[in-house]
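The structure under discussion appears below in the form of structure tokens.
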Amino acid sequence: MEIKKICVIGAGIMGHGIAQLAATHGYDVNLVDVNEEILNKAKTAIEKNLERFFVAKNKITAEEANGILNRINLNTNRDEAVKDVQMVIEAIFEDMTLKQNLFSELDSICYKNVILASNTSSLSITDMASKSNNQERIVGIHFFNPAPVMKLIELIKGKNTSEEVLETSKKFSESLNKTVVTVNNAPGFVTTRLIYVLCNEAVKLKMEGIASTEDIDVACKLAFNFPMGPLELSDLVGNDIYLHIGEYLGEALGEKYNPSSLLKEMVDNNLLGRKSKKGFYNY
Ligand SMILES: NC(=O)c1ccc[n+]([C@@H]2O[C@H](COP(=O)([O-])OP(=O)(O)OC[C@H]3O[C@@H](n4cnc5c(N)ncnc54)[C@H](O)[C@@H]3O)[C@@H](O)[C@H]2O)c1
């Protein structure tokens, strides 16, 4: 099946980035969220990003930017917005029950050949599909932030995802000019599991007094050529997000993945990182 139009559900950080990316590559996009205020904010953010990173840098013309914006339709009515698309990508909150319910509802509303994709960064695609009747059409398409810029897409094959759905999703991802890695379903997949373990281990090194925050980050940057140290990264992503991922991975994969007690303490004290202006560093 050829994909021409998609629906993105959730117009937050990831959803608006995915909508911009897909529209830039010629797809029509229905962008859905719970209210118009969020949708208007998302459209303004896309407009600013196109101007700042593409038009001002002569990568596209102002007319092309307009064309991209015109391909994005805002809609608060989800059931209407999924009617005329070939693929739905959800980017709602990272919550298993919410996503399971969403997929089961979409499964009963969307035509049988519509692909249902999740942009989850850690949750099991197999579990997410478990309440749906047509589990073969549910797949993980994991974009990275910011979606229009980052080169990778992690494509996740749930236990029941069909080869056809995986192949079409891969072609779609490649048409966005991304490099695709395909992974079998597992909590945290490849990327989130690896980065979480690194960050959690860095927090443990700090907690055990092995090295200072700054020295742990400098060591990683210079020894491994990382653009950012793990504690800086945890502050950027949000220490609460890593705690949430760690709790999920600990439960799903075993206690060696449990988050360190320092990470829990920091979240309890609102030391969330950049978003609360305090974390491993002050902002
Ligand atoms: N932020 C990241 O760096 C990142 C990277 C990769 C993947 N992800 C994943 O992407 C997803 C979204 O993350 P985000 O950071 O964009 O979150 P966000 O909080 O910025 O946005 C979520 C949006 O979903 C909307 N929403 C919630 N429930 C909805 C529903 N039932 N119907 C319609 N809209 C609904 C909210 O109003 C909100 O605007 C999560 O699963 C997350 O794990 C995030």
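The values are calculated or read from the model by the stated rules, or taken from the named source; none is laboratory data. Bear in mind that the values here come from a model prediction, so they are computed numbers and not experimental data. With ideal geometry, Cβ positions are generated from the backbone for all residues, glycine too; neighbour counts draw on all protein chains shown. Accessible surface areas use protein heavy atoms only, side chains included; no ligands, DNA or RNA. Shrake-Rupley method; radii C 1.70, N 1.55, O 1.52, S 1.80 Å.
Near residue 90, the amide H atoms lying under 5 Å from its own belong to 9, 117, 118, 119; only residues 5 or more places off or on other chains count, and H is placed 1.01 Å from N. Amide H to amide H, with H built 1.01 Å from N, residue 60 comes under 5 Å of 55, counting only residues 5 or more places away or on other chains.
Within the chain, what whole-number % of the accessible surface is contributed by carbon and sulfur, with the 1.4 Å probe and all protein chains included in the calculation?
Values: 7210 of 14080 Å².
Percent of accessible area from carbon and sulfur atoms in the chain: 51.
Remind me, relative contact order of the chain in percent, using alpha carbon pairs under 8 angstrom and six or more residues apart? It would help to have the intermediate numbers written out before the result.
Working: 493 pairs, mean separation 37.1, N = 283.
Taking the mean separation of contacting Cα pairs over the length of the chain, I get 13 percent.
Karplus-based coupling profile of the range 195-211, in residue order and whole Hz: 6, 5, 4, 4, 5, 5, 5, 5, 5, 5, 4, 5, 4, 7, x, 6, 7, with θ = phi - 60° in 6.51 cos²θ - 1.76 cosθ + 1.60 and x standing for Gly or Pro.
Please give the per residue accessible area of the chain, computed with a probe of 1.4 Å over protein heavy atoms only, in Å².
Details: 14080 Å² over 283 residues.
Counting only protein heavy atoms, the per-residue value for the chain is 50 Å².
Taken about its Cα centre, the range 215-283 carries a charge dipole of roughly 240 debye when the Cβ of each Lys and Arg holds +1 and the Cβ of each Asp and Glu holds -1. Under 5 Å between amide hydrogens, built in the peptide plane, is the criterion, and for residue 144 it picks out nothing among residues at least 5 positions away or on other chains.
In the range 192-275, Cα pairs under 8 Å separated by at least six residues give a relative contact order of 31 percent. Going 7 Å from the Cα of residue 69 in the Cα-to-Cβ direction, what parts of the range 125-163 have a backbone nitrogen less than 18 Å from that spot? Backbone N within reach: none found. Taking a straight Cα-Cα cut-off under 18 Å and skipping sequence neighbours fewer than 8 places away in the same chain, the lysines within cross-link reach of residue 277 are 264.
Scalar couplings 3J(HN,Hα) for the range 244-252, obtained by applying the Karplus form with A = 6.51, B = -1.76, C = 1.60 to θ = phi - 60°, are 4, 4, x, 5, 5, 5, x, 5, 7 Hz; x denotes Gly and Pro.
Sequence-distant contacts, meaning Cα pairs under 8 Å at least 6 residues apart, place the relative contact order of the range 29-113 at 37 percent.
Length gain on complete extension for the stretch residue 35 to residue 79, per 0.36 nm per residue less the alpha carbon to alpha carbon distance? Walk me through the numbers before you get to the answer.
Details: separation 44, 0.36 × 44 = 15.84 nm, distance 1.42 nm.
Result for the pair: 14.4 nm of gain on full extension.
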